[in-house]
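Here is the structure we will look at.
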Amino acid sequence: MTATLFLVGVGPGDPELLTLKAVRCLGAVAVVAYPSTGDGAALALDIAGGYVNPAALRLPCSIPMARERGPAQAAYDDAAARIVDHLRAGRDVAWLCEGDPLFYGSAMYLVGRVAGIAPVVVIPGVTSLTAAAAAIGRPLAARNETLKVLPAPLEDAVLRAELAVAPAVAIIKVGRHFDRIRSLLVETGHAEGAMVVEHATTGRQRVTPLVAFAHGERPYFSTILCYRGVEAWSVAS
């Protein structure tokens, strides 16, 4: 098979953060596929749409936003099958992925489904993690410090154990878990100086100290950056 699937990272939200390679790819492929929600919203396409070849076929793939894995896995099976049909017909396909394709990205679910059938090329993108660090103007970690990336849906006991030994932490997938995560960060000593970045790099970007949120106020599309290390810049925020 000569056609290729390109897994394209489109970054955290600002269209100007796409790489030159991503822009060149999107301007050349015959088919552009992307995840969409049940109501037809497609953030990855919203970010990268200005760079897509006007003649390219657009292939939305509805991915259920459910806690159960089964429906989403079935949706990726269907998406992969539709993509492979185009590849077999000789048409290159680009899959748009928010952030970076292989950093908690939707593209990870296509690698195993397509890689054994057709060539797959990954084009990295700017992650929400690095975008959030840029927004607060503070390093994620320094020197020999460890940086931990923790998904908020993890159980309290797991998060507590990870936080106990981590000087620098990024918490992602916060959503409805915000109140619980804030309580844990207060308990482990990470709350002071922790910053919440919402909608990083977009016109809706907001940077707020964790302790400034009122009870019941829950930022959804956000990342929490915490630092409990010894570097002097830790007090700059």
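The values are calculated or read from the model by the stated rules, or taken from the named source; none is laboratory data. Source: prediction; values computed, not measured. With ideal geometry, Cβ positions are generated from the backbone for all residues, glycine too; neighbour counts draw on all protein chains shown.
Can you tell me how many residues in segment 84-112 are over 22 Å from the mean Cα position of the chain (by Cα) and either closer than 18 Å to V8 by Cβ or modelled with pLDDT under 95 (or both)? Count: 5. Of the residues making up segment 153-195, those that are buried (at least 19 other Cβ atoms within 10 Å of the Cβ) and either within 19 Å of E98 (Cβ to Cβ) or aromatic (F, W, Y) (or both) are A170, I171, I172, V174, F178.
What about A94, is it surrounded by 15 or more Cβ atoms within 10 Å (Cβ to Cβ) and assigned to a helix (DSSP H, G or I)? No; evaluated as a whole, the condition is false for this residue. Considering only residues in segment 164-182 that are aliphatic (A, V, I, L, M) and touching a residue at least 40 places away in the same chain (Cβ under 8 Å), the one that is farthest from M195 (Cα to Cα) turns out to be A166.
Checking each residue in segment 88-121 for being closer than 11 Å to Y34 by Cβ and of a type in the set (A, V, I, L, M, F, W, C) picks out V93, A94, W95, L96, C97, A107. The sole residue among R143, R88, R82, R113 that is surrounded by fewer than 17 Cβ atoms within 10 Å (Cβ to Cβ), in contact with an Asp or Glu (Cβ under 9 Å, 6 or more places away or on another chain) and not aromatic (F, W, Y) is R143. Within segment 169-192, can one find any residue that is aromatic (F, W, Y) and assigned to a loop (DSSP other than H, G, I, E, B)? Scanning segment 169-192 turns up no residue that is aromatic (F, W, Y) and assigned to a loop (DSSP other than H, G, I, E, B).
Regarding segment 113-134, can at least one residue be identified that is over 30 Å from T208 (Cβ atoms), out of contact with any helix residue (DSSP H, G or I) (no Cβ under 7 Å at 6 or more places or on another chain), assigned by TED's automatic domain parsing to the domain that holds G13 and modelled with pLDDT under 95? Yes, the conditions are met somewhere in segment 113-134.
Residues that are in contact with a Ser or Thr (Cβ under 6 Å, 6 or more places away or on another chain) and surrounded by 22 or more Cβ atoms within 10 Å (Cβ to Cβ): list the strands (runs of 3 or more DSSP E) wholly contained in segment 1-68 that include at least 1 such residues.
31-36
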